[in-house]
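K.L.:
Here you go, one structure.
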Amino acid sequence: GAVVSQHPSWVICKSGTSVKIECRSLDFQATTMFWYRQFPKQSLMLMATSNEGSKATYEQGVEKDKFLINHASLTLSTLTVTSAHPEDSSFYICSASRLKETQYFGPGTRLLVL
Amino acid sequence: DAKTTQPTSMDCAEGRAANLPCNHSTISGNEYVYWYRQIHSQGPQYIIHGLKNNETNEMASLIITEDRKSSTLILPHATLRDTAVYYCIAPSNDYKLSFGAGTTVTVRA
């Protein structure tokens with residue numbers, strides 16, 4: 001149990017375009033989902049927390065207008081990187097938890113912006 | 001999160017037990033200790049968590065000292081697939097996970 005999927009697993013896009021990443025909890029209802037970013041040779045950094053049906057809470061320094069998060073159902077959250085630039089190239093990872101219990105992570109999405 | 005301190009790296013032999021220490025001297029009474037690992041280019045994998053008592057599951061054992069200021073993750077029979085970065089985290093009441101540098105564990109044949 002506690003399986004979280006992400007789609008796509010990797011994406012290449014042109015600078016200025018928008019990219020949507022999906023995060024799904026496959027076998028449990030996720031009341032809270034988290035989005036992280038990881039640059040090469042660095043640790044994971046929390047970007048935002050989203051509760052189902054509520055607006056996401058962003059960490060300091062993360063632009064909410066650039067990284068749009070939607071958590072419309074108990075099994076799906078999406079992260080949209082708007083007007084992507086090369087510096088947004090990173091490994092994006094989501095996690096999901098039920099009722100503030102253990103977080104389970106997705107496999108990650110590698111984004112390359114050219 | 002309570003601050004946690006882990007060794008930067010450690011090696012262990014395949015088939016032997018791997019003991020990974022973590023110090024969390026500022027942990028409060030209701031903060032759990034969580035362990036995750038991240039294998040290269042993958043999302044973190046949950047291993048185990050505990051509050052006061054020792055815990056065991058199919059992956060590992062977690063030994064927490066009586067004063068809760070430190071803990072040890074034990075991989076009973078390390079395999080090459082256990083090579084990963086291991087993170088010890090004590091999230092605060094907001095349940096956010098703060099990932100430090102972790103311990104890079106290399107299992108050698």
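K.L.:
Evaluate the following for A:SER54: is it part of a loop (DSSP other than H, G, I, E, B), within 20 Å of B:ASN93 (Cβ to Cβ) and either out of contact with any strand residue (DSSP E or B) (no Cβ under 8 Å at 6 or more places or on another chain) or more than 14 Å from every other protein chain (Cβ to nearest Cβ) (or both)?
P.N.:
yes
K.L.:
Look through segment B:87-109, keep the residues that are farther than 19 Å from B:SER25 by Cβ and assigned to a strand (DSSP E or B), and return whichever of them is most open to solvent (accessible area, probe 1.4 Å).
P.N.:
Residue satisfying both the conditions and the ranking: B:ARG108.
K.L.:
If you go through segment B:51-86 one residue at a time, how many are more than 14 Å from chain A (Cβ to nearest Cβ) and outside any loop (DSSP other than H, G, I, E, B)?
P.N.:
Summing the residues that are more than 14 Å from chain A (Cβ to nearest Cβ) and outside any loop (DSSP other than H, G, I, E, B) in segment B:51-86 gives 13.
K.L.:
Another question, then. Those residues that are on the phi > 0 side of the Ramachandran plot and surrounded by 15 or more Cβ atoms within 10 Å (Cβ to Cβ), I need them from segment B:2-29; list them, please.
P.N.:
none
K.L.:
Write out, first by first residue and then by second, each pair whose Cβ atoms fall under 6 Å of each other, whose residues are 6+ apart or on separate chains, and whose first residue, in segment A:86-102, is within 17 Å of A:LEU44 (Cα to Cα) while the second is among the aromatic types (Phe, Trp, Tyr) and not in a strand (DSSP E or B).
P.N.:
Going by the 6 Å Cβ cut-off, the qualifying pairs are A:SER90/A:PHE39.
K.L.:
Can you tell me which residues in segment B:46-70 are open to solvent by less than 30 Å² (accessible area, probe 1.4 Å) and among the charged types (D, E, K, R)?
P.N.:
Once the filter is applied, which keeps residues that are open to solvent by less than 30 Å² (accessible area, probe 1.4 Å) and among the charged types (D, E, K, R), segment B:46-70 yields only B:ARG68.
K.L.:
Is it true that some residue in segment B:56-67 is charged (D, E, K, R) and in contact with a strand residue (DSSP E or B) (Cβ under 8 Å, 6 or more places away or on another chain)?
P.N.:
no
K.L.:
Now, a different point. What residue, of A:PHE67, A:PHE91, is out of contact with any helix residue (DSSP H, G or I) (no Cβ under 7 Å at 6 or more places or on another chain), surrounded by fewer than 21 Cβ atoms within 10 Å (Cβ to Cβ), of a type in the set (Phe, Trp, Tyr) and more than 13 Å from chain B (Cβ to nearest Cβ)?
P.N.:
Result: A:PHE67 is the single residue among A:PHE67, A:PHE91 that is out of contact with any helix residue (DSSP H, G or I) (no Cβ under 7 Å at 6 or more places or on another chain), surrounded by fewer than 21 Cβ atoms within 10 Å (Cβ to Cβ), of a type in the set (Phe, Trp, Tyr) and more than 13 Å from chain B (Cβ to nearest Cβ).
K.L.:
If you don't mind, there's one more thing I want to ask. If you check A:SER73 against the conditions, is it over 18 Å from A:MET45 (Cβ atoms), at pLDDT 95 or above, exposed (fewer than 15 other Cβ atoms within 10 Å of the Cβ) and more than 14 Å from chain B (Cβ to nearest Cβ)?
P.N.:
no
K.L.:
Exactly one of (1) in contact with an Asp or Glu (Cβ under 8 Å, 6 or more places away or on another chain); (2) touching a residue at least 24 places away in the same chain (Cβ under 8 Å); (3) within 12 Å of chain B (Cβ to nearest Cβ) is unmet by A:THR78. Its number?
P.N.:
The single condition A:THR78 does not satisfy is (3).
K.L.:
Tell me which residues, restricted to segment A:94-114, are surrounded by 19 or more Cβ atoms within 10 Å (Cβ to Cβ), within 24 Å of A:SER15 (Cα to Cα) and within 10 Å of chain B (Cβ to nearest Cβ).
P.N.:
A:CYS94, A:GLY108, A:THR109
K.L.:
Now a separate question. Being surrounded by fewer than 15 Cβ atoms within 10 Å (Cβ to Cβ), among the aliphatic types (A, V, I, L, M) and within 12 Å of chain B (Cβ to nearest Cβ) is the filter here; which residues of segment A:21-51 pass it?
P.N.:
Once the filter is applied, which keeps residues that are surrounded by fewer than 15 Cβ atoms within 10 Å (Cβ to Cβ), among the aliphatic types (A, V, I, L, M) and within 12 Å of chain B (Cβ to nearest Cβ), segment A:21-51 yields nothing.
K.L.:
Another question about this same structure. Yes or no: segment B:4-11 includes at least one residue that is away from every other protein chain (no Cβ under 14 Å) and not in a strand (DSSP E or B).
P.N.:
yes
K.L.:
Considering only segment B:30-45, how many residues are buried (at least 17 other Cβ atoms within 10 Å of the Cβ) and either in a strand (DSSP E or B) or in contact with a Ser or Thr (Cβ under 7 Å, 6 or more places away or on another chain) (or both)?
P.N.:
Residues that pass the stated criteria total 7.
The values are calculated or read from the model by the stated rules, or taken from the named source; none is laboratory data. Not measured: the values here are computed from a predicted model. Methodologically, a virtual Cβ is constructed for each residue, glycine included, from the backbone with ideal geometry; neighbour enumeration extends over all protein chains shown. The protein model used for the area step is the full one, side chains on, heavy atoms only, and it has no ligands, DNA or RNA in it. Shrake-Rupley method; radii C 1.70, N 1.55, O 1.52, S 1.80 Å.
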